Amino acid sequence: MERKKVTITGLLNKKKENKPITMLTAYDFPLASIIDEAGIDMILVGDSVGMVVLGYENTLPVTMDDMLHHCKAVARGTKYAFLVGDMPFMSYQVSSEEAIRNAGRFVKEGNCDAVKLEGGIEVIDQIKAIVKAGIPAMSHIGLTPQSATQLGGFKVQGKTAVSAEKIIDDAIRLEKVGCFGIILECIPDKISKIITSKVKIPTIGIGAGIHCDGQVLVTYDILGLYKKFTPKFAKKYTDVFLQIKKAAEQYKAEVEERKFPAKEHSFTIDEKELKKLKM
Ligand code: KIV
């Protein structure tokens, strides 16, 4: 079957048909091209770029310029997947005007199809304004890394009835203001099940169990490329860190032993031309 660009309608249909939605993060052209070719439905240029690519301790220092730089590269490698740009800390919290302006930059300059914002009721006005401006928006609730300090660290959310009710209520309100999807991070699977059954828009889980309409993970976690910390919910499908290290060690040894470059990696000059050299 001919592959088509993924659209919001396509994502909503997947939910209706009970077909799981797949989403992964990407930060550059090669990673985006591979993920797109693998048939993943959605690519997120996450602000996790700050930790896994730029080496910050958390996502807070990530700027709009950082995000746009990476979104542009990812967009060049993405043909079919639905591309979502993650709004960095302080690019939408101050006012709706700023939120619209920055969301617009993700679409105009970053070539994204949509934006994602962390937060529920606290940022509902900004989400409403972005959607009203014609920019598709996804929300991200539960554990929201940009406000991890306020949440008491990187902890599972919604473990008490009060906090679970707030998350469920947020999801319902977010659908009402026009979000086309919701990321649920680090919440009990039974709470994601309730949310998924209560909203018509897709729920995409990360550490939120099997009942979500789709799943997202940080690609560097599934590749084993980020060594500092691997969350419990992330499954490591391969160890690219080890593979790259082995290749670098082999290269080092071959250069030091003068085994590389071999003849097939070198260029030659005609003997006659060589003799013409005045030295
Ligand atoms: O920044 C990111 O990669 C994210 C995912 C964890 C959902 O927000």
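For the reader, a short list of remarks on this structure follows.
- Matching residues, the stretch 133-142, being within 15 Å of VAL107 (Cα to Cα) and touching a residue at least 40 places away in the same chain (Cβ under 8 Å): PRO136, ALA137, MET138
- Check on ILE121, farther than 28 Å from TYR27 by Cα, open to solvent by 30 Å² or more (accessible area, probe 1.4 Å), in contact (Cβ under 8 Å) with a residue 24 or more places away in the chain and of a type in the set (A, V, I, L, M): yes
- Evaluation of ALA32 against (1) open to solvent by 30 Å² or more (accessible area, probe 1.4 Å); (2) touching a helix residue (DSSP H, G or I) at 6+ places or on another chain (Cβ under 9 Å) (one fails), failing number: (1)
- Checked against the criterion of being surrounded by 22 or more Cβ atoms within 10 Å (Cβ to Cβ) and either within 15 Å of the ligand (Cβ to nearest atom) or farther than 30 Å from LYS72 by Cβ (or both), the stretch 124-135 contains not a single residue that satisfies it.
- Complete set of residues in the stretch 234-256 that are loosely packed, with under 11 Cβ neighbours inside 10 Å and either assigned to a loop (DSSP other than H, G, I, E, B) or within 16 Å of the ligand (Cβ to nearest atom) (or both): LYS235
- Where a residue in the stretch 169-192 is of a type in the set (Ser, Thr, Tyr) and its partner, wherever it lies, is within 15 Å of the ligand (Cβ to nearest atom) and not in a loop (DSSP other than H, G, I, E, B), with Cβ under 6 Å and at least six apart: SER192/LEU184; SER192/GLY205
- Restricting the stretch 1-23 to residues that are in a loop (DSSP other than H, G, I, E, B) and among the hydrophobic types (A, V, I, L, M, F, W, C), the residue that is surrounded by the fewest Cβ atoms within 10 Å (Cβ to Cβ) is MET1.
- Taken over the stretch 74-105, the criterion of being within 16 Å of the ligand (Cβ to nearest atom), buried (at least 20 other Cβ atoms within 10 Å of the Cβ) and among the aliphatic types (A, V, I, L, M) is satisfied by VAL74, ALA81, LEU83, VAL84, MET87, ALA103.
- Criterion: among the polar types (S, T, N, Q), touching a helix residue (DSSP H, G or I) at 6+ places or on another chain (Cβ under 7 Å) and under 30 Å from ALA133 (Cβ atoms) - qualifying residue of GLN157, GLN215: GLN157
- The listed residues are GLY214, GLY209, GLY224, and the only one of them that is without any contact (Cβ under 8 Å) to a residue 24 or more places away in the chain and under 30 Å from PHE180 (Cα atoms) turns out to be GLY209.
- Yes/no for LYS72 being out of contact with any helix residue (DSSP H, G or I) (no Cβ under 7 Å at 6 or more places or on another chain) and within 22 Å of GLU185 (Cβ to Cβ): no
- Selection status of ILE127, within 29 Å of LEU12 (Cβ to Cβ) and touching a strand residue (DSSP E or B) at 6+ places or on another chain (Cβ under 6 Å): yes
- Residue that is away from the ligand (no atom under 16 Å from the Cβ) and either within 15 Å of TYR226 (Cβ to Cβ) or among the β-branched types (Val, Ile, Thr) (or both), where the choices are THR59, THR25, THR9: THR9
The values are calculated or read from the model by the stated rules, or taken from the named source; none is laboratory data. Just so you know, these numbers come straight off a predicted model, no measurement behind them. In this analysis, Cβ positions are derived from the backbone assuming ideal geometry, glycine residues included, and neighbour counts consider all displayed protein chains. Calculation scope for accessible area: heavy atoms of the full protein, side chains included, ligands and nucleic acids excluded. Shrake-Rupley method; radii C 1.70, N 1.55, O 1.52, S 1.80 Å.
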